[in-house]
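Student: Below you'll find the structure I mean.
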Amino acid sequence: MLLGIICNRKKHLVDELQSVTHMYLEGVAEYMNVQPVLIPSPMVNGTFDAAPILERVDGILLPGSTSNVHPSRYGMEETEAHEPFDLARDEAAFQTIEQAITRDIPVLAICRGFQELNVACGGSLNPTVHEVDGRLDHRMPESEEKDVKFGIQHRVDFSKDGYFHNLLNVESAQVNSLHWQAVDRLGNNLSVEATAEDGTIEGIRHTGATYCVGVQWHPEYQAGENIISASLFADFERAMKAYANE
């Protein structure tokens, strides 16, 4: 089975590069029996067509990134709080999400991918959730140690009889959620599957798709107590097998 993974486009010296952090590839290799295929974002003034790609893959992974969805995608003006951007990633991701849902191709959206899924379904984002009264500071800790950067940050509570509740048979879990933007208005046809202790939405599912799940945390990196990753990736692989067999 082929798992398509959207790339980020970043500046590199005097040129640009397409990248996917190794943590995502390592997470896929550890938990899934699939062949990852990297999907480059369009080059400057280039075009992107998701259709021929989606004809060949059995699932889509939307990984995280240090960049953010451009606010014009959800009807807001650009400010410094919304930066940095990756307009090429926006183009690739939004085409891919729309067509994957139409084709009912399994999708797992992580971190920036989670936010893309919400926006693609008509939702919006808050660029600085840590400045909202009563909210936790969800941003990544400043440290040179990987296990500290991607370590457990807070608890999430799963919606009763929802996706994670049924998958894991628990009501809550600790997660390594690292973000400064968060869901503001929930997108259409999305159900809330997990929320942080402060009410921030951390898990969503598209109710019109056979399998389309988004998480704000980082299941690809298992640091400390983590009861979610293995089951989540295994269920994603199960969905891909079902799609491939059709």
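The values are calculated or read from the model by the stated rules, or taken from the named source; none is laboratory data. Since this is a predicted model, take the numbers as computed values, not measurements. All Cβ positions, glycine included, derive from the backbone under ideal geometry; neighbour counts span all protein chains shown.
Student: Any residue at all in segment 130-151 that is surrounded by 15 or more Cβ atoms within 10 Å (Cβ to Cβ) and either assigned to a strand (DSSP E or B) or modelled with pLDDT of 85 or more (or both)?
Tutor: no
Student: I'm checking my understanding of the structure. Among residues of segment 202-223 that are part of a loop (DSSP other than H, G, I, E, B) and closer than 15 Å to residue 27 by Cα, which one is farthest from the chain's Cα centre (by Cα)?
Tutor: Residues of segment 202-223 part of a loop (DSSP other than H, G, I, E, B): 207-211, 216, 218-223.
Pick out the ones that are also closer than 15 Å to residue 27 by Cα and you get 218-223.
Details: 218: 8, 219: 10, 220: 11, 221: 13, 222: 16, 223: 18 Å.
In this case the residue turns out to be 223.
Student: Hey, another quick one. For residue 81, all conditions in the list (1) more than 25 Å from residue 237 (Cα to Cα); (2) hydrophobic (A, V, I, L, M, F, W, C); (3) crowded, with 18+ Cβ neighbours inside 10 Å; (4) out of contact with any Lys or Arg (no Cβ under 8 Å at 6 or more places or on another chain) hold save one; what is the number of the exception?
Tutor: (3)
Student: Which condition number does residue 37 fail, the rest of (1) under 16 Å from residue 236 (Cβ atoms); (2) touching a Phe, Trp or Tyr at 6+ places or on another chain (Cβ under 9 Å) being met?
Tutor: Answer for residue 37: the failing condition is (2).
Student: Return the total of residues in segment 168-198 being buried (at least 18 other Cβ atoms within 10 Å of the Cβ) and within 25 Å of residue 85 (Cα to Cα).
Tutor: 9
Student: Of everything in segment 101-128 that's assigned to a loop (DSSP other than H, G, I, E, B) and of a type in the set (Gly, Ala, Ser), which residue is surrounded by the fewest Cβ atoms within 10 Å (Cβ to Cβ)?
Tutor: If we take residues in segment 101-128 being assigned to a loop (DSSP other than H, G, I, E, B) and of a type in the set (Gly, Ala, Ser), then 122 is surrounded by the fewest Cβ atoms within 10 Å (Cβ to Cβ).
Student: Just to confirm my filter: which strands (runs of 3 or more DSSP E) fall fully inside segment 1-100 and include at least 2 residues that are touching a residue at least 40 places away in the same chain (Cβ under 8 Å) and among the basic types (Lys, Arg)?
Tutor: Hits in segment 1-100: 8-12.
Student: Filter segment 177-201 for residues that are in a strand (DSSP E or B) and among the β-branched types (Val, Ile, Thr); which is nearest to residue 113 (Cα to Cα)?
Tutor: Across segment 177-201, the extreme among qualifying residues is 183.
Student: Could you check segment 62-86 and list, in sequence order, the residues that are in contact with a helix residue (DSSP H, G or I) (Cβ under 7 Å, 6 or more places away or on another chain) and under 21 Å from residue 23 (Cβ atoms)?
Tutor: Within segment 62-86, 62, 63, 64, 65, 67, 68, 69 meet the criteria.
Student: For residue 174, only one of the following conditions fails: (1) touching a residue at least 40 places away in the same chain (Cβ under 8 Å); (2) under 27 Å from residue 104 (Cα atoms); (3) not in a loop (DSSP other than H, G, I, E, B). What is its number?
Tutor: Tallying (1) touching a residue at least 40 places away in the same chain (Cβ under 8 Å); (2) under 27 Å from residue 104 (Cα atoms); (3) not in a loop (DSSP other than H, G, I, E, B), residue 174 fails exactly one: (2).
Student: Same structure again: Would you check if there is a residue in segment 113-120 being closer than 28 Å to residue 58 by Cβ and acidic (Asp, Glu)?
Tutor: Looking for residues that are closer than 28 Å to residue 58 by Cβ and acidic (Asp, Glu), one finds at least one in segment 113-120, hence yes.
Residues are listed down the side, and each one gets a yes or a no for (1) at positive phi; (2) acidic (Asp, Glu); (3) in contact with a Ser or Thr (Cβ under 6 Å, 6 or more places away or on another chain):
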site: 18; (1), (2), (3): no, no, no
site: 33; (1), (2), (3): no, no, no
site: 61; (1), (2), (3): no, no, no
site: 68; (1), (2), (3): no, no, no
site: 75; (1), (2), (3): yes, no, no
site: 92; (1), (2), (3): no, no, yes
site: 101; (1), (2), (3): no, no, no
site: 107; (1), (2), (3): no, no, no
site: 114; (1), (2), (3): no, no, no
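Student: Let me ask another. Need the failing condition index for residue 231 against (1) part of a helix (DSSP H, G or I); (2) in contact with a Leu (Cβ under 7 Å, 6 or more places away or on another chain); (3) surrounded by 18 or more Cβ atoms within 10 Å (Cβ to Cβ), just the number.
Tutor: All conditions pass for residue 231, except number (3).
Student: Here's something else I'd like to know. Can you name the condition, by its number, that residue 23 falls short on among (1) modelled with pLDDT of 90 or more; (2) closer than 27 Å to residue 221 by Cα?
Tutor: (1)
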